[in-house]
1. Just one of the numbered conditions (1) open to solvent by less than 40 Å² (accessible area, probe 1.4 Å); (2) within 30 Å of S108 (Cα to Cα); (3) β-branched (V, I, T) is not true of T7; which one?
2. Give E25, E59 a once-over and let me know the one that is assigned to a helix (DSSP H, G or I), within 22 Å of D137 (Cβ to Cβ) and in contact (Cβ under 8 Å) with a residue 24 or more places away in the chain.
3. How many residues, within segment 52-72, are open to solvent by 60 Å² or more (accessible area, probe 1.4 Å) and either within 13 Å of the chain's Cα centre (by Cα) or not acidic (D, E) (or both)?
4. Return yes when Q46 is more than 20 Å from L12 (Cα to Cα), of a type in the set (S, T, N, Q) and open to solvent by 30 Å² or more (accessible area, probe 1.4 Å) and no when it is not.
5. In segment 28-41, which residues are open to solvent by 80 Å² or more (accessible area, probe 1.4 Å) and either touching a helix residue (DSSP H, G or I) at 6+ places or on another chain (Cβ under 6 Å) or not in a loop (DSSP other than H, G, I, E, B) (or both)?
6. Of all residues in segment 26-68, which are modelled with pLDDT under 85 and either hydroxyl-bearing (S, T, Y) or closer than 23 Å to Y133 by Cβ (or both)?
7. Output yes when any residue across segment 94-108 is open to solvent by 40 Å² or more (accessible area, probe 1.4 Å), farther than 24 Å from H2 by Cα and either out of contact with any helix residue (DSSP H, G or I) (no Cβ under 9 Å at 6 or more places or on another chain) or at pLDDT 95 or above (or both), and no when none is.
Amino acid sequence: LHHRVETSWANLDGLLQRRAAIALELARSELADPASSLLLTDAAYQARDASVALRSQAESGLSGALRLLQMDLKSDARSAEKALLSELSELSAKIRVAIALHVDSVNSTRVVRQKLIFKIFRLAGRAPLPVTYEFEDDAI
C-alpha cells in the first residue's frame, strides 16, 4: 500500500510539474497581459520549487492564477496558444483523476494501518503515515 501511495504521488507530482511548465509557456505568450503574465510566472515558479510544507499554498496559488488568466482570455488567440489552452484543460482533467487516485490510496493505507494487528506487530515498519495535501481539496 505504501508503494501504491508513492507511485500515485509520483504520477500526481509529474502532472503538477507539467501544469507549471504550461503555465510558464502561457505567461510568455502574447495571450496574457503583462500583469497577468507576471502573476502567472511567479505562481508557476513557486509551484515548481515549493518545499513539501509549502506545496499546498503554491499549487493553490497557481490554480488561482490560471483561473484569472482563463477569465481574462483574449478571443484572438493564435493556434499555438489555443493548443496550450487545450493541453491545459486536458491536463486539468488528468490531475483531477490523479488526485482522486492519490487520496484513495492514502485513505486505504490509513485504514489498514489503523487495524490492531498492524499496530501490535508493527507491520508497517518505520514507514511514515501517508498524508494528503490541502490543494487536493481545491478545484483544480
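1. (1)
2. Working: E25 fails: within 22 Å of D137 (Cβ to Cβ).
Going through E25, E59 in turn, just one is assigned to a helix (DSSP H, G or I), within 22 Å of D137 (Cβ to Cβ) and in contact (Cβ under 8 Å) with a residue 24 or more places away in the chain: E59.
3. Residues of segment 52-72 that are open to solvent by 60 Å² or more (accessible area, probe 1.4 Å), as a first pass: 52-54, 57, 67-68, 70-72.
Cutting the leftovers down to either within 13 Å of the chain's Cα centre (by Cα) or not acidic (D, E) (or both) gives us 52-54, 57, 67-68, 70-71.
Final tally of qualifying residues: 8.
4. Numbers: more than 20 Å from L12 (Cα to Cα): no; of a type in the set (S, T, N, Q): yes; open to solvent by 30 Å² or more (accessible area, probe 1.4 Å): yes.
In short, no.
5. Narrowing segment 28-41 to residues open to solvent by 80 Å² or more (accessible area, probe 1.4 Å): 28, 30, 34, 38-39.
Those that are open to solvent by 80 Å² or more (accessible area, probe 1.4 Å) and either touching a helix residue (DSSP H, G or I) at 6+ places or on another chain (Cβ under 6 Å) or not in a loop (DSSP other than H, G, I, E, B) (or both): R28, P34, L38, L39.
6. Within segment 26-68, V52, A53 meet the criteria.
7. So in segment 94-108, the residues open to solvent by 40 Å² or more (accessible area, probe 1.4 Å) come out as 94, 96-97, 100-101, 103-104, 107.
From the residues that got through so far, the ones that are farther than 24 Å from H2 by Cα too are none.
Scanning segment 94-108, I find no residue that is open to solvent by 40 Å² or more (accessible area, probe 1.4 Å), farther than 24 Å from H2 by Cα and either out of contact with any helix residue (DSSP H, G or I) (no Cβ under 9 Å at 6 or more places or on another chain) or at pLDDT 95 or above (or both), so the answer is no.
The values are calculated or read from the model by the stated rules, or taken from the named source; none is laboratory data. Keep in mind it's a predicted model, so treat the numbers as computed, not measured. Counting neighbours? That spans all protein chains shown, and the Cβs are built from the backbone with ideal geometry, glycine included. Surface accessibility is based on the protein's heavy atoms, side chains included, excluding ligands, DNA and RNA. Shrake-Rupley method; radii C 1.70, N 1.55, O 1.52, S 1.80 Å.
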